[in-house]
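Notes follow the structure.
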Amino acid sequence: MSVPQIPAFEAPVFTDSKGQLKREKKVLLEKYSKQEAQMRVLLEDFEKERYQRIEAEKTVEELEQAYTRANQVANDFHFDELTTRRRLIDTQLANVGWSIGVDGSNTEEITQEEEIKHQPTTSGLGYADYVLWDINGLPLAVIEAKKTAVDAEKGRHQAKIYADGLEREHGQRPVIFYTNGHDIWIWDDAKEQHYPPRKLYGFYSKKSLQYKIRQRREKKSLNSISPKQEILTDRLYQHEALKRVCERFEDKQRKALVVQATGTGKTRLSIAITDVLMNASWVKRVLFLCDRRELRKQAKNAYGEFLKAPIAVLT
């Protein structure tokens, strides 16, 4: 039987095993660190989505609760017409300087439940909720009130009928207002003005209504008024822009937009429009807005150079 040959002993060759282990450990740590960072991002994304889902469910629930509470409050405050007048409209009129009587009583400026003739009723009489009077005894405005739960628009036709009766009796057509205490509409349908109805934030003061009535006699056609020659240059597009803006206002539009490049005379054009509107008695005050102090200074100097009207600078 042969004996296997055992190889001769060879001493192991030692290398820088310690440094190698450190390097391998560093690589593993970096790998685990990246994996941990990725896991942390995934967990954060998951938690964010879970939070958003919870908030969305919570928001829907809160909205439903808020809607229910709002309906309850709205039902509690659905004033009838008399309460609407006493608690809302009377206060709104007093806030702009009108002398309003207590509990529906009359004053020299405002009468309530005013008897109006020439109405399409069996007796020929009607009763307006409010009539606002001038110092000369002529009606400045008539107000038709509806309860808060009713659309204010439903009072427009009735207000017009009252205005017709007041005009026939006094020879002056009042400005028409109709409201439910929250929404206030004005309608100046006199033949000299004849603007469509529009919503307001509040009633007009006595001075504002006097001015509006006076405008009917004093307003001139914008086409009959020309600005001072020195305001506009010889650039034809400036004259054309002024013409188009005036035509739009004459067409009972309340807004106009002019787009011009820098250096083409936008301020000059605005001064010309202001000059025409004031000379034609269409306006008595004009607000010029700008977004830089330097532009404000330039505009003030330009307006002061061409217009005599006093200029106030607001900061």
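Since every read-out is calculated from the coordinates, none of them should be taken as a lab result. This one's a predicted model, so the numbers in the text were calculated from it and none came from an experiment. Cβ placement follows ideal geometry from the backbone for every residue including glycine, while neighbour counts extend to all protein chains displayed.
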**OP:** Averaging sequence separations of C-alpha pairs under 8 Å and six or more residues apart, then dividing by the length of the chain, give the relative contact order as a whole percent.
**Re:** 10 percent
Original post:
Looking only at chymotrypsin sites (Phe, Trp or Tyr not before Pro) in DSSP loops with at most 15 other Cβ atoms within 10 Å, what is the longest site-free stretch of the chain?
Top reply: 78-200
Subject >> For the chain, share of DSSP beta bridges that run antiparallel, in % to the nearest 5 >> reply: 75 percent
**OP:** Scan around Ile116 for amide H atoms under 5 Å from its own, H built in the peptide plane at 1.01 Å from N, and keep only partners 5 or more places away or cross-chain.
**Re:** Gly126, Tyr127, Ala128
Original post:
Based on Cβ point charges of +1 for Lys and Arg and -1 for Asp and Glu, what charge dipole magnitude is obtained for the chain about its Cα centre, in debye rounded to the nearest 20?
Top reply: 1600 debye
**OP:** Could you go through region 236-247 in sequence order and give the Karplus-derived ³J(HN,Hα) for each residue, using 6.51 cos²θ - 1.76 cosθ + 1.60 with θ = phi - 60°, rounded to whole Hz, and x for Gly and Pro?
**Re:** 5, 5, 5, 5, 5, 5, 4, 4, 5, 5, 5, 4
**OP:** Specify the angular offset, from 0 to 90 degrees and rounded to the nearest 10, of the alpha carbon long axis of helix 266-279 from the longest principal axis of the alpha carbons in the chain.
**Re:** 20 degrees
Original post:
Per residue of the chain, what 222 nm ellipticity follows from adding -39500 (n - 2.57) for every DSSP H run with n ≥ 4, rounded to the nearest 500?
Top reply: -15000 deg cm²/dmol
**OP:** Would you mind counting up the charge near Glu167? Only other residues with Cβ under 13 Å from its Cβ, with Lys and Arg at +1 and Asp and Glu at -1.
**Re:** +1
**OP:** Add +1 for every Lys or Arg and -1 for every Asp or Glu among the other residues with Cβ under 13 Å from the Cβ of Asp189, and state the total.
**Re:** +4
**OP:** Name the most mobile residue of Leu232, Leu222, Leu21, meaning the one with the largest mean-square fluctuation, in a Gaussian network model of the chain with Cα contacts below 10 Å.
**Re:** Leu21
Original post:
What FRET efficiency comes out for the pair Thr122/Val259, r = Cβ-Cβ distance, R0 = 51 Å, nearest 0.05?
Top reply: 0.30
Original post:
How big is the gap, in Å, between the Cα center of region 210-274 and the Cα center of region 140-159?
Top reply: 35 Å
**OP:** Note down the relative contact order for region 139-294 as a percent, whole number, built from C-alpha pairs under 8 angstrom at least six residues apart.
**Re:** 17 percent
**OP:** Search the structure for amide H atoms under 5 Å from the amide H of Leu200, placed 1.01 Å from N in the peptide plane, and list their residues when 5 or more places away or on another chain.
**Re:** Ile184, Trp185, Ile186
**OP:** May I ask for the net charge around Arg40, where only other residues with Cβ less than 13 Å from the Cβ of Arg40 are counted and Lys, Arg are +1 while Asp, Glu are -1?
**Re:** -2
Original post:
Can you give the longest stretch of the chain with no exposed loop site, where a site means trypsin sites (Lys or Arg not before Pro) in a DSSP loop (not H, G, I, E or B) with at most 10 other C-beta atoms within 10 Å?
Top reply: 1-190
**OP:** At 0.36 nm per residue, minus the direct Cα-Cα distance, what do Arg248 and Lys160 gain on full extension? Give it in nm, one decimal, please.
**Re:** 29.1 nm
Original post:
Longest exposed-loop-site-free stretch of the chain, with GluC sites (Glu not before Pro), DSSP loop and at most 12 other Cβ within 10 Å?
Top reply: 11-107
Subject >> Nitroxide proxy distance, nm - points 7 Å out along Cα→Cβ at Leu314 and Leu82 >> reply: 4.2 nm
